[in-house]
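Below is one structure, written out as structure tokens, with a few remarks after it.
What follows is calculated from the coordinates using simple rules that are stated; it is not laboratory data. The structure displayed is predicted, hence computed values, not measured ones. A quick note on method: Cβ atoms are made from the backbone with ideal geometry, for glycine too, and the neighbour counts reach across all protein chains shown.
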Amino acid sequence: MAANDPGLAQMGALAEDPAKGAIEATKDGDLVEEDRPVAPDQFDEKFETGKYEIWAYYSYYIGNNGLTLFNFAPTAAQNLVYEHARVVGGEDNIRLPFLGSVRTINSIVLLCNGISFAIQIVVFLVLGSYADFGTFRPNILIVLSLIAWGLGFGWLGVHESGQWKTGLGLYIVGLIAYQLCLTYWTAAFPGLARNTRELREKAQQFEEGEISRDEYDFADSMKRNELSNVAFYVQSMGEIVILAVIVGVMFGINVNKSTERNNWGLSVLIAFASGVWLLLAIPWFILEKRRPGQDPGMNIVLAGFWQLYRAVTQIWQMKQSLAYLIGYFLLGDSLNTTVTVIGTLQNEIVAYNTLELTYLLIVGIAAQAVGIFTYWNIQKRFRLSTKTMFNVVAVGIIVLDGWGMIGVWTDKFGFHNKWEVWLYQVFYGLFVCPWYSYSQTMISEVTPRGKEFLFFSLFSIIGKTSSFIGPLVSSAIIDAAGKTKNANSTPFYFLFALSCVSFLFLLFFVDVKKSRVEQREFLEREAIAKEKIKGGPSELSNVS
């Protein structure tokens, strides 16, 4: 799934333009060795990425679109909490005892969100470092997907207010399964891009001196951007079709007839979307070429922890990767918490109406498709870097938090009105959703070749840590605000400041070109360390 080693990634590229010996004959008949650069990716034709494999990759993403465990499962859980609060305390009650304190509904949801991401940190620590070894890596995604589908179908048995704690449990575990599946699917795209025929041709041009290393690296970056952005666009278009079918299902169930029908409709929706995900995942499981991963060079159990240890210790010498890690932590914290806070406000505004929530999603996904299509075409036309596009998205996040912060001071706008949630879906789709493409491509920009799954896991750990801290801080802010007016909007103070700080940090402290040099030095040190463990020579030369 990831770019492999040594098939796709050399362990030790010793120079910015490494050289290999090519034997040529002189006019006198003598043989001489000519030095010429070697592309960092070595290709095996049997692992060449084909169009059907790419479309199978897209197909999995259409299925794992988030409707199941990321969008509607949290809504269903919050709805059950809301219904139970009304049952025990009356129509206006929004508080329930949960984990030792009496909390508001929004605080409970944010707390569960934080618990879910805290658990994900532990899971990524265990699984992440092993996914780069051997050919069994696709099996990890298959097992995780099976768990996710089981959770999605499990919602069919949870749709009554008395089951609110079970619903919160499914919400917590469901987010874990969804995020794990998404991370291990995403980490495959650098390997797919680097095995394409286009990149092989670029590698040949580089080796023959027709293009420079910078031109080769730019072609590599653009191919990864293409796969990431097109996958997101195709997923968006497919998701609109799925949502259109869901609208028909909701009318068939008649979700507007009663509260009970609406609750049941949410559970059916989650199960239906899980079934679609299952069917669309099958092509990827069949067509993915099981490219060989790293040779662990030691017992695989020890190798996973050794690799994790090496990455954690060595990343301090990879200053650009570390800088992006910090910025990703801060901005990811802001965005993940912002989406959760706005989601809780939106659910209250539309009174958890299943049909209206579906209509909102259709508008949001349509805007998302337009946004990602526009961003990618602008990037292609003007040959803009990944970081430039990423910075533009960051500005959109700041605007979103600023709008929410205004809602602390006034009821006229700031996510208090129904028209605002419709506007939010459009703005979020057009200007913020490209984050999910460009942030992942940026990870691949600062990741050493052949270490995709390990580094994606490290970044996911950081992302989950931020997603763990942000909701807990926001939950505490809401609880501290008590019964003051617009208490549920008070987290936007924290989120707006966090977005601004993280944007400025990423803008001034991340240099992708410097990162590429640091990555090659990292791979050289890694190769030498492995040789020492195996009792080999202390230095490597002519690694190719």
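Among the trypsin sites (Lys or Arg not before Pro) in the stretch 193-284, those located in a DSSP loop and surrounded by at most 11 other Cβ atoms within 10 Å of their own Cβ are LYS257.
Could you tell me which trypsin sites (Lys or Arg not before Pro) in the stretch 321-394 are loop residues by DSSP with no more than 13 other beta carbons within 10 angstrom of their beta carbon?
Loop-located and lightly packed - ARG383.
Hey, could you get me the Stokes-Einstein D for the stretch 364-413, Kirkwood radius over alpha-carbon pairs, 37 °C and 0.692 mPa s, rounded to whole µm² s⁻¹? After rounding, the answer is 258 µm²/s.
Give the dimensionless ratio obtained when the Cα radius of gyration of the stretch 329-453 is divided by 2.2 N^0.38 Å.
For the stretch 329-453, the normalised Cα radius of gyration comes out at 1.17.
Here the 3J(HN,Hα) profile of the stretch 71-82, calculated from phi with Karplus coefficients 6.51, -1.76 and 1.60 at θ = phi - 60°, is 9, 8, 5, x, 4, 4, 5, 5, 4, 5, 4, 4 Hz, Gly and Pro shown as x. Summary of packing: across the peptides 406-418, 518-530, the per-residue average of other C-beta atoms within 10 Å ranks them, highest first, as 518-530, 406-418.
Amide H to amide H distances under 5 Å link PHE98 with ARG103, where only residues 5 or more positions off or on other chains count and H is placed in the peptide plane.
Kindly identify the stretch 71-190 as rounded, prolate or oblate by the Cα gyration tensor criterion: order the square roots of the eigenvalues as a ≥ b ≥ c, call it rounded if a/c is under 1.5, otherwise compare a/b with b/c, prolate if a/b is larger, else oblate.
The shape class here is prolate.
Backbone phi angles across the stretch 225-241, fed through the Karplus curve with coefficients 6.51, -1.76 and 1.60 (θ = phi - 60°), yield HN-Hα couplings of 4, 4, 4, 5, 6, 5, 4, 5, 5, 4, 4, 4, 5, x, 5, 4, 4 Hz in residue order; Gly and Pro are listed as x.
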